[in-house]
Each structure stands twice: as structure tokens, then as C-alpha cells.
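One structure is given below, encoded as C-alpha cells.
Here, each number is a calculation from the coordinates, and none is a lab measurement. On a predicted model such as this, the values are computed, not experimentally measured, just so you know. Cβ placement follows ideal geometry from the backbone for every residue including glycine, while neighbour counts extend to all protein chains displayed.
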Amino acid sequence: MRRIYFMLALAALVGGGIRSGAHEVVSADVDKRIEAIAERIQALDSVHQEVRMEIVFNIDGAEETMEQMSSLIFQRPNQVLIESDLVSIVSDGTSLRVVFPGFKSYMEMPVTTSIGDLLTEKGDLFGGAVLPDIMALLSEDPADVLRTFVADVDVHLLEDEDIDGRPAWQLRLDMPVDGLALVDGIHVWIDQEAGLVRRVKTEVDISEQMAQSGFGDGQVMYDLTVSVHYVALNQPVDDDQFVIDVSGYKQVESIDEMMASWDQPGGGGMDIPETIATGAVAPDFELTLLDGEVFRLSEQAGRVVVVDFWATWCPPCVESLPYLQSLYTDVADQDIVFIGVSLDRAQAEDRVRAMVDRFGITYPVGINIDGGIAMEYGAVSIPTLVVVGPDGVVRHTKIGFSESAMVQVRELLTTLLAEPTP
């Protein structure tokens, strides 16, 4: 789940949401291209496409690749199914459901206008997760949607280029994105027949931000590619495609109601636990270390244990490593055990070893390949640091990284060492 949240943030970077308000003037050439795209979109009777989003995170040449799949089935006038990991949108033409599988909740509303207009009325939580071309497809006036999107964007028309053998218009979008440094804007390829996006690519350099955080002067980049594959265009679609079973789900009227029910005992809840609470008994676990040995929490009774959940593709995690190593060095001769639990994939072992070597990590580190330990501890956001007392009880949890948090952990360890041995 932690990876999905990261990818959705990047999806918002590309999609940017659908802006509202007065249109700014766009160039005649761009407006002509918008009209051509809108004309193709309006001519589509049905669309079935699969979308693959890939993110490559790179720290000084060490790469980690993440991906997410989603799909779209659309049939005029108002039948649609958009499925992804966190939210699905389905309309049979008379009612629209926005389904949140993880929360076991859904919203339902009558279809009294276009699906695009309904999603826009409900805000960026829905519309912002849908690429602008699909919002145009779902709306009554595709050209208006596209003009609204480019109102605050510098659009550059580049040379046409084939994608998978299909002619495509190529655009570059220059737009500010929360202070991030886009290396060369956002490149978009639009199918000349369908008027829909075929590919999106952007590269972000966050080296400066990482250096300002004390990470070092290395290069930290991530590349995002969205690839769209058409399964069918203008082919009849069976009505049973536009159905999602919500048996056992709770119907809510708003996002606020959904979140409120999630927080209540017995509420919908996502299928992931909260971060383990202070005062809880730390779940026992076994972890195979990089040196082949096996770490068992149960064997550490009477000692303080610091558990660090991290990954090579997570900038704050990497930023925290030298601080953790420094702290470990200072207390290594006392009854304190550090254990690094990497949430990288099995095939990333070389990258984990390289990171350990780079920062001179001398405490034990292993890869939690299936994520089971992290799930037991509710480490769904990383870095997460858990301090377990000599009695096996959790004394401290911290999500994220800051130097002040490291000071707090250091003080806590001093306090725990002064406690009598259980």
C-alpha cells in the first residue's frame, strides 16, 4: 500500500486535476490542436484501455522500479468503469458509484449529467486521479475540459511521433508542480486517431531538496511513465461490464462520512493495521539478514531493540541512515540492538547491500520480502522507527524522519537503559 500512495501522488503530478475558473488565452496553434483532439474524442462510441504506470526511483545509480495498473471501459452516453487499486468508478448509465475497496465503502448518485461533470462536482479526489483526456471523454464538451486544463500550463507542440505503430501528436507541458524540479517538463503523446493519451513521461530531479536535508551531494531522480494500451475502440460493450459488487460495503454520502466510519470501532477500515501503539506487546518476528544469519526478536529479551523499517527507494529513509548508524555506534557497547528491516524486493538485494556499504551500516539488516513484518507493525508509511523495551513492550514509534526525532530517540534509549532488567 505504501507504494500505491506514492504513485498516486505522482499521478496527481501528471494529471494536475481539472482546474476551474476563467480560461486564459492560449495560442491559436494550441487551440487548433485542442479542437482536433476534442473532435476525435467526440467521435468515439466506446473505449477499452489498460494503463500501466511505472516509476523508476534512482539514487546515485541504484534503481527501484514500482508500477501500478488501471483500466477503463467506456460506452456512450454514460456507461463507464474505471478500476484502480484505491478507487473504482462505475456507471451503468443511470447511477454512478465511486467505490473504495480498502474502506469497504461506496458513494452513489444519480446520473443527471455527464460523468465528467459529476466527477468534477465531487472535487479533485475523483477528477484529479483521472487524466485530462479521460475527463474530456466523460464530459459533454471535451474542448472546454482541455482548455480548462491548459489554462495555467505552457503547451509546446513538438514533432509527431509514432507510438506502437500509431501516429501520435507530441506535446510538452511546462507547469509548476509543488516546487519540484521537472527536468524537461511533462511529455505527452496523443493518439491522432482516438484523441486519447498514449504515453506520458516526466523526470524529476530532487537532488537539491535532498542535499538541503543533509542527504549529500548525490543525484536523486525519479522517472514516471504512463503507458496506455488500447484493447478495443468503437466496439460494442456488454452492459454487465459496468457492474461492481458492493455486497457488505457501507454506503456513505461523503468522504468525511467515510473517514469518520473508518475511525470508529467496527468501521469499514482498510485492510492494513495502524502503526503499532506504544504500550502494545511487540509482535515476534524472524528476519533473514544479509549475512545469512537469522534475527529473532524473541531472542532479544532483556535488551532494548530499535527496529527501522526503510527502503532504498525512500528518500527520507536513506536520509535517516547515517543518523541511525551514528546513534548505534554510540550505544553499541550497551544492551541495545538495532535491526534494519528493508522493504525492498528480493531482486533489490544488491541495491540494499550497496546502500549499507555506502553509509557504513554496521548493525544487522535484512529484507522483509513479503512485507509481513511491516504489516504486523503497521509500518505502512516509511521510514517507521519502533523502539521495544527490555520487557518486549513498544515504548516509542515514529513515522518519518527528522533530526529532532533522532535526539528524542537517543534520550529515550538512555532512559530505557536505566530501567531495572525485567
Note to self: Quick check on the range 286-417: take the gyration tensor over C-alpha atoms, sort the square-rooted eigenvalues as a ≥ b ≥ c, and tell me if it's rounded (a/c under 1.5), prolate or oblate.
What the structure shows: rounded
Checklist line | Full-extension gain in nm, Gln235 to Thr414, via 0.36 nm per residue minus C-alpha separation | finding: 57.6 nm
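So if R0 is 35 Å, what FRET efficiency would Asp357 and Asp184 give, r being the distance between their Cβ atoms, rounded to the nearest 0.05? Walk me through the intermediate numbers first.
On the way: r = 33 Å, r/R0 = 0.93.
After rounding, the FRET efficiency stands at 0.60.
If you place +1 on the Cβ of every Lys and Arg, -1 on the Cβ of every Asp and Glu, and leave all else neutral, what size is the dipole of the range 263-422 about its Cα centre, to the nearest 20 Debye? Don't skip to the end; give the middle numbers.
On the way: 9 positive and 23 negative charges, 48 e Å.
My answer is approximately 220 debye.
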Notebook entry, point to check: Under a 5 Å amide H to amide H cut-off, with H placed in plane at 1.01 Å, what residues pair with Asp344 once short-range neighbours are removed?
Noted result: Thr312, Asn368
Note to self: For Asp335, Asp357, which order do you get if you count the other beta carbons within 10 Å of each Cβ and list the fewest first?
What the structure shows: Asp357, Asp335
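Fully extended, how many nm does the chain gain between Ser381 and Asp154 (0.36 nm per residue separation, minus their Cα-Cα distance)? Don't jump to the answer; show the numbers that get you there.
On the way: separation 227, 0.36 × 227 = 81.72 nm, distance 3.46 nm.
Between Ser381 and Asp154, full extension yields 78.3 nm more.
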Check: Going by how many other Cβ atoms sit within 10 Å of their own, how do Val294, Val30 line up, fewest first?
Finding: Val294, Val30
Notebook entry, point to check: Taking the Cβ-Cβ separation of Ala277 and Arg52 as r and a Förster radius of 30 Å, what is the calculated FRET efficiency to the nearest 0.05?
Noted result: 0.20
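Between Asp223 and Ser247, 0.36 nm times their residue separation minus their Cα-Cα distance comes to what? It would help to have the intermediate numbers written out before the result.
Values: separation 24, 0.36 × 24 = 8.64 nm, distance 3.89 nm.
Contour length minus the Cα-Cα distance gives 4.8 nm.
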